[in-house]
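Structure record follows, encoded as structure tokens.
The values are calculated or read from the model by the stated rules, or taken from the named source; none is laboratory data. In this text, all values refer to a predicted model and were calculated from it rather than measured experimentally. FYI the Cβ positions are ideal-geometry reconstructions off the backbone, even for glycines, and counts take in every protein chain you see. Surface areas here come from the heavy atoms of the whole protein model, side chains and all, with no ligands, DNA or RNA. Shrake-Rupley method; radii C 1.70, N 1.55, O 1.52, S 1.80 Å.
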Amino acid sequence: MADLQYKTHISDSIKSFANGNLTSNALNLFQTLGYSTERQAPLDQPTFAEFKDNYIGDKKFDETKAKVSDWKYVDLLFQLSKEEVLKQLSLFDTKQVNRTIIETYLFFAIELDQDQYTRTELAIITREVNRLFVMPVLILFKHGNALTFSVINRRLHKKDESKDVLEKVTLIKDINIEKPHRAHIEILFDLSFDELKRTQQFTNFVELHNAWQKTLDTKELNKRFYSELFNWYLWAIQSVKFPNDVDNDKDDTVYNSESVIRLLTRLIFVWFIKEKGLIPDTLFDEKQMKKILNDFSPSSFDTSKYYRAILQNLFFATLNTQMDDDVTNPEEKRRFVNLLPKYSNPDYTDQTKYRYKDYFTDPDEAIKLFSSIPFLNGGLFECLDSKEDGKEMRYDGFSSTESKQAFVPDKLFFAEEFLLDLNAEYGTKGRKYKVEGLIRILDSYKFTITENTPLEEEIALDPELLGKVFENLLASYNPETQSTARKQTGSFYTPREIVNYMVDESLIAYFKQKLDNKEESETRLRDLFAHTEDLPVFTDAETDLLIKAISHAKILDPACGSGAFPMGVLHRLVDLLNKLDPDNEKWNDLQISRAIAET
């Protein structure tokens, strides 16, 4: 089956959840993905009470954490085991790989009562359900008009092989049933049995599990995104032209590359806040642009209407300008620039006023299009054009004067995928590289504003990506010094795994010193930091000591940068408190006593 046709079947299977029985729809979706089995044991009644009778018994299961009062429907879909997979794969065995024994998967479907759930809430439910079974459990959640796939990584305990460590929960979150996002279709296609077999060539259940984990790894997602983005960047710097009247001795290619990096950083940031619903999708819709802009041709290399009229006005005259309700002076309101001669025009160097009025089919409607977008008091969207000592300094080229305007062809944003010769740039021979318009690239990925943690991860691009893109593009080259540009700017972004390691080691050393500084205490602390089912035993006095240590902890990060380390510490401390004081009683009493002591 051709890839496009297969993806259409996946999309149709998702849309079928709008009607009908959850179990039937879920089985149909997994069968579409290539996971078919006759080993099914549906519950007599798809209720939590039936689930409890069949699977919980006297096992540890926190009904409050699992939000069982929200469970409208629950059913065991099927068990995928070696025998079923043997029908599709000739060489398949079960063995221990990397201290992990996995011989089977369980697939459950759970429908929840509310429309929206946080990533953490769904991860906790997944973790609680997995505590009941000796094999991994994949859960397909239905909530409102969305689906979420949730799978947990688990391994044998390093010191006690009778125990499993429940590690990170990975989620494909909020798949829209009515209109599945292209990125979600791509992820599910990558997880389909035949595609995994082609790309990962697994031979046993652990390798199947690892293939899932690799496919659901945001590092791989980030690499693929950056690869596509960098191909676009190499194409773009050949085609753009930014005003170079600030430093005429500077090579235009270098100057343009710096300007394109600023464009990318700004637009990717915009894409994140678009996820919050703060910026309308209309601004990035090719069909809508044909209605909004005069004679708009998205395939043209000769026009720059989209970048000038939409993006520059969005960046500088909208996101960098207060909303009309926040100002009383009419001159400060969001409006188009006056078109007087520059020597008598008070708006000439005012970079907070809309420009390119004649590009719009209806300028008044254009103002309305931007009117609901908030002002961001940052600096990222501040126009770098200025006037110093009577001399115009043009960096961004946001100008009413044509000779001082930036030129970024419309095709760079909306071109369909094609092959481009970038061998000179990559130092290769005879290869063709895939390139497509920037808006199409961004549209093909799911973005989330919630940063991933060691405990849970959504398969989407999170805000940490912005720093990585900026660093990698800066480091692409610096002809002036033949060294990476990030050395000059001091821009280094530590990978999340290293940040997590630094967080855990720092806190373990801190807590060990607060206890008795013995190796036995460190062992228990490491078990506390791990995700074992059975928590290590601490006395009441030790627990109080650890909670007090959390309350009094002071975190110093002199080179704070993006704040990854202090935020990592915060996430870890919240996790530890949840383990040490699940009902929040000790923490609450401690904070009350501290408040009284300080008054």
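What to note about this one:
- C-alpha long axis of helix 218-236 to longest principal axis of the chain, angle in °: 10
- Residues in the range 349-377 reached by a label modelled at GLU332 [backbone nitrogen below 18 Å; 7 Å Cα→Cβ]: 350-354, 374-377
- Stretching THR401 away from ASP540 to a fully extended chain increases their span by 42.7 nm, per 0.36 nm per residue minus the current alpha-carbon distance.
- Angle between the chain longest axis and helix 119-130 axis [Cα atoms, degrees, rounded to 10]: 20
- Only protein heavy atoms count here; on that basis, with a 1.4 Å probe, ASP44 has an accessible area of about 130 Å².
- Environment charge of ASP302, counting only residues whose C-beta is closer than 13 Å and scoring Lys/Arg +1, Asp/Glu -1: +1
- Cα-derived Rg to Rh of the range 194-326, Kirkwood definition: 1.10
- Degrees between helix 540-552 axis and first principal axis of the chain (Cα, 0 to 90, nearest 10): 0
- For ARG526, solvent-accessible area (1.4 Å; no DNA, RNA or ligand), Å²: 90
- Cα-Cα over 18 Å, subset of LYS223/LYS468; LYS291/LYS368; LYS241/LYS434: LYS241/LYS434
- For the chain: relative contact order, % (alpha-carbon pairs under 8 angstrom, 6 or more apart): 12
- Percent carbon-and-sulfur accessible area, the chain, ignoring ligands, DNA and RNA, probe 1.4 Å: 49
- Shape descriptor for the chain: Rg over Rh equals 1.01 (Cα atoms; Rh from the Kirkwood inverse mean 1/r).
- DSSP-assigned coil residues among trypsin sites (Lys or Arg not before Pro) in the range 252-328, each with at most 10 further Cβ atoms within 10 Å: LYS276
- Counting only residues at least eight positions apart within a chain, or on another chain, the lysines with an alpha carbon under 19 Å from that of LYS7 are LYS15, LYS173, LYS179, LYS197, LYS446.
- The range 193-235 residues near the modelled TYR426 label - backbone nitrogen below 14 Å, point 7 Å along Cα→Cβ: 224-235
- Förster radius 30 Å - calculated FRET efficiency between THR203 and HIS9 (Cβ-Cβ, nearest 0.05): 0.65
- Based on protein heavy atoms only, the chain ends up with 48 Å² per residue of surface accessible to a 1.4 Å probe.
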